[in-house]
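The values are calculated or read from the model by the stated rules, or taken from the named source; none is laboratory data. On a predicted model such as this, the values are computed, not experimentally measured, just so you know. Ideal geometry is used to build each Cβ from the backbone, glycine not excepted, and the neighbour counts take in all protein chains shown. Only protein heavy atoms, including side chains, enter the accessible area calculation; ligands, DNA and RNA are left aside. Shrake-Rupley method; radii C 1.70, N 1.55, O 1.52, S 1.80 Å.
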Amino acid sequence: MSEELRDSISSDIHGLEIDAARKCDYCGEDLDTRSPVQCEVAQLGKMPNLKMVLSASPLPEPDGWELDALRCRDCELDSLSVGTDGFDEALVMLNIADTAGQVAADASELRIVDASKDGSGYHPPKVNLQVLIQFEDVGLVRWSRIEGLLKLQATSNGEASEVVEKLKEAAIKGKDVPPEVAPLLN
């Protein structure tokens, strides 16, 4: 991956706050922060409709690269299998710093595992804005997040979570469902 991309991501996310619970956004396991942690980062691309909707919501409007989802060792990926049109996305390894109770991304030694440029993926599903507001997570419209949550749900023995059911409903109605996600919607 290019040095320019690495520098752009690193400068945008370095120092961003991370939930002090330090849990995997997919399975909920504790993260081992003694070594680099895998994280999905995203940057809202040329999506004027989504930008307009977000500007009218209580959600902060994304500006530059943002931390989107942390992954534990068991949930790590080798690549982003599904890109979402309208987002620049990257899978990175970064350190997590804990200074006086403040938990933040330390991107000083950031390594890019994989990246997907805006325009190289599938059209995002129309996830209800109230779902994004309820879960305070704009990244839920990204196909790689939906795929990961659906895969986790398929392998768990528990009931489907509310967010996964709502994302599944939106994905089923999507006009451009990726072939990697379609079998998970049954």
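Summary of computed values
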| quantity | calculated |
| --- | --- |
| Hits in the range 12-24 (condition: touching a residue at least 40 places away in the same chain (Cβ under 8 Å) and not acidic (Asp, Glu)) | Ile13, His14, Gly15, Leu16, Ile18, Ala20, Arg22, Lys23, Cys24 |
| Filter result (surrounded by 12 or more Cβ atoms within 10 Å (Cβ to Cβ) and over 14 Å from the mean Cα position of the chain (by Cα)) within the range 137-156 | Lys151, Leu152, Gln153, Ala154, Ser156 |
| Of residues in the range 7-26 being open to solvent by 40 Å² or more (accessible area, probe 1.4 Å) and in contact with a Leu (Cβ under 6 Å, 6 or more places away or on another chain), the one farthest from Ser161 (Cα to Cα) | Leu16 |
| Unique residue being of a type in the set (Val, Ile, Thr) and either under 22 Å from Arg22 (Cβ atoms) or at pLDDT 90 or above (or both) when the list is Val131, Val181, Val141, Val127 | Val181 |
| Residue under evaluation Pro124, criteria (1) open to solvent by less than 30 Å² (accessible area, probe 1.4 Å); (2) without any contact (Cβ under 8 Å) to a residue 40 or more places away in the chain, criterion not met | (2) |
| Total residues in the range 157-171, condition open to solvent by 40 Å² or more (accessible area, probe 1.4 Å) and closer than 20 Å to Glu40 by Cβ | 3 |
| Flag for Ala170 being in a helix (DSSP H, G or I), among the hydrophobic types (A, V, I, L, M, F, W, C) and touching a residue at least 40 places away in the same chain (Cβ under 8 Å) | yes |
| Hits in the range 88-109 - residues which are touching a Lys or Arg at 6+ places or on another chain (Cβ under 7 Å) and open to solvent by less than 10 Å² (accessible area, probe 1.4 Å) | Glu89, Val92, Val103 |
| Residue in the range 66-73 that is open to solvent by 60 Å² or more (accessible area, probe 1.4 Å), farther than 22 Å from Ser11 by Cα and part of a loop (DSSP other than H, G, I, E, B) present | no |
| Failed condition for Val113, given (1) open to solvent by less than 30 Å² (accessible area, probe 1.4 Å); (2) hydrophobic (A, V, I, L, M, F, W, C); (3) touching a strand residue (DSSP E or B) at 6+ places or on another chain (Cβ under 8 Å) | (1) |
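Every residue, every condition in (1) of a type in the set (Lys, Arg); (2) at pLDDT below 90, yes or no:
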position: Met1; (1), (2): no, yes
position: Leu16; (1), (2): no, no
position: Lys23; (1), (2): yes, no
position: Ala42; (1), (2): no, no
position: Val53; (1), (2): no, yes
position: Ala69; (1), (2): no, no
position: Phe87; (1), (2): no, yes
position: Ala105; (1), (2): no, no
position: Arg111; (1), (2): yes, no
